[in-house]
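The values are calculated or read from the model by the stated rules, or taken from the named source; none is laboratory data. Just so we're clear, the structure is a prediction, and the values are computed from it rather than from any experiment. A quick note on method: Cβ atoms are made from the backbone with ideal geometry, for glycine too, and the neighbour counts reach across all protein chains shown.
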Amino acid sequence: MPIVRTVGGEREAGMGSFWKRIFGRGQDDADDRKGLSGGDYVRVSELMQFNRNLVEALKHEHVGVELYTRYLLEANDEEGREMYRKLIEEERRHLRMVEGEIAEHKRKGYWS
């Protein structure tokens, strides 16, 4: 999936816009990085890792919902079914939290 961002009413796509956001210019002149410190690179690396962690967390929460839903269908008594319903709701709450964090990163332009 290409990276797409709207800047000044125009859509930018690809890693070029990523480098432009990070370094203030396109990928072609990314070798000319005067004034950037090691901290700049660390921040970019940390954001990218955090975004990967959010995607991974989202996958795990979906798996949790699927797992508890299957267990709910297999439960033999109402007490067990109620427990699985609560667990499913908790996993859905987690999903909303992670989705909200992803949306916030996208809104702020931290998502690539």
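Looking at region 72-96, which of its residues are surrounded by 11 or more Cβ atoms within 10 Å (Cβ to Cβ), of a type in the set (A, V, I, L, M, F, W, C), in a helix (DSSP H, G or I) and without any contact (Cβ under 8 Å) to a residue 12 or more places away in the chain?
Within region 72-96, Met83 is the sole residue that qualifies.
Within region 80-95, how many residues turn out to be within 15 Å of His62 (Cβ to Cβ) and more than 12 Å from the chain's Cα centre (by Cα)?
Going through region 80-95 one residue at a time, the tally reaches 8.
When you go through Leu67, Leu54 one by one, which is the residue that is assigned by TED's automatic domain parsing to the domain that holds Tyr84, over 23 Å from Glu104 (Cα atoms) and at pLDDT 80 or above?
Leu67 is the lone residue from the list that is assigned by TED's automatic domain parsing to the domain that holds Tyr84, over 23 Å from Glu104 (Cα atoms) and at pLDDT 80 or above.
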